[in-house]
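A quick write-up on the structure given underneath.
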Amino acid sequence: MSSSAFSVAERVALVTGGGTGLGARFAAVLAQNGAKVAVIGRRIDPLQEVAQGIEGSGGRALALSVDLADRAAVEIAFDRIEEQIGVVDILVNSAGIQAMAPVTEMTDEQFTSVLDINVNGLFRAAQICAQRLLRAGKPGSIINIASILGAIARPGSANYCASKAAVIHMTRSIALDLIKDGIRVNCLAPGYIETDLTRWWLETPEGQAAQERLPIGRFGTLEELDGPLLFLASDASRYVSGTTLTVDAAHSARIME
């Protein structure tokens with residue numbers, strides 16, 4: 001297989017939650033490899049910063065403030081993206097939130113708010129993307145960002161673990177619906193990755209103790225997700241759909257944490 005199989009040149013990518021953390025990195029990597037990239041999320045300032053960084057490096061980018069809980073707003077965002085850079089044929093569903101609390105203290109709002117974004121918002125973006133690909137008669141790749149916490153549990157995270165387990169299994173079902181139309185749907189499930197959003201926890205005594213227990217003895221870096229992302233986004237994975245690519249240096253392979 002030639003390196004061109006991993007190319008995303010001239011593709012149109014949409015990254016939800018693209019203003020910070022994993023989403024910002026995914027947007028930059030796709031742009032560096034030739035894709036035109038739209039980033040959406042609730043806060044426009046970080047989204048614009050990501051888009052400006054891409055354009056400053058010679059790429060094409062668009063930033064839009066969108067509430068994924070609002071279907072009409074998501075539809076309008078897809079309209080604007082199509083008008084300005086084309087039909088989205090790579091969707092990276094990276095938007096997600098956490099609200100940690102012991103099960104005896106977790107409120108209804110903490111539980112449902114995480115499910116609303118991590119599951120409902122993800123489904124909404126994937127559905128709209130698929131509908132528009134079908135309308136345009138184009139193939140595509142939908143990449144849902146899950147987590148190893150969709151397969152293993154962590155205390156104080158009933159809502160987040162439930163949401164990521166739902167994403168993994170929902171991805172399998174959506175993949176079956178769309179594979180005959182040339183639309184591939186997969187999950188990327190990172191382990192503990194150091195980002196601006198996770199560094200606060202990773203630097204706590206609890207986080208440091210978790211690092212010492214990791215098989216590789218360190219947290220992952222954003223750069224270590226670049227290859228898996230490009231694999232799933234490109235034609236290099238043209239026979240891969242309905243699967244979860246776990247990137248955690250054997251963390252979830254252990255019997256015990």
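The values are calculated or read from the model by the stated rules, or taken from the named source; none is laboratory data. Note that the structure is predicted; figures quoted are calculated from it, not measured. For neighbour counting, all protein chains shown are included, and Cβ atoms are generated from backbone atoms with ideal geometry for every residue, glycine included. When the accessible area is computed, the model is the full protein with side chains, heavy atoms only, and any ligands, DNA or RNA have been set aside. Shrake-Rupley method; radii C 1.70, N 1.55, O 1.52, S 1.80 Å.
Brief remarks follow.
- Derived value for region 49-122: Kirkwood hydrodynamic radius 14.6 Å. Basis is the mean of 1/r over every pair of different alpha-carbon atoms.
- On Cα atoms only, tilt of 21-32 relative to the major axis of the chain in degrees: 30
- Region 111-257, dipole about Cα centre (Lys/Arg Cβ +1, Asp/Glu Cβ -1), debye to the nearest 20: 680
- Whether region 1-58 is rounded, prolate or oblate, judged on the alpha carbon gyration tensor where a/c under 1.5 counts as rounded: prolate
- Percent accessible area from carbon and sulfur atoms, region 179-257, protein chains only, probe 1.4 Å: 56
- Relative contact order of region 1-160, taken over Cα pairs closer than 8 Å and 6 or more residues apart, is 22 percent.
- 18 Å tail of the calculated P(r), region 133-187, as % of Cα pairs: 40
- For region 214-253: rounded, prolate or oblate by the Cα gyration tensor [a/c cutoff 1.5]: oblate
- The dipole here belongs to region 74-198: it is taken about the Cα centre, uses +1 on the Cβ of Lys and Arg and -1 on the Cβ of Asp and Glu, and is about 520 debye.
- Amide H contacts of Gly140 (H built 1.01 Å from N, under 5 Å, at least 5 apart or other chain): Ile183, Arg184
- Residues of region 135-257: accessible area per residue with a 1.4 Å probe, Å²: 49
- Dipole magnitude (debye, nearest 20) for the chain, charges at Cβ of Lys, Arg, Asp, Glu: 700
- Value of Rg to Rh for region 137-257 (Rh from inverse mean 1/r over Cα pairs, i.e. Kirkwood): 1.01
- Degrees, to the nearest 10: 44-56 long Cα axis against longest axis of the chain: 60
- The chain, helix-only ellipticity at 222 nm - DSSP H runs n ≥ 4, -39,500 (n - 2.57), divided by all residues, nearest 500: -12500 deg cm²/dmol
- Relative to the longest principal axis of the Cα atoms of the chain, helix 71-84 runs at roughly 50 degrees.
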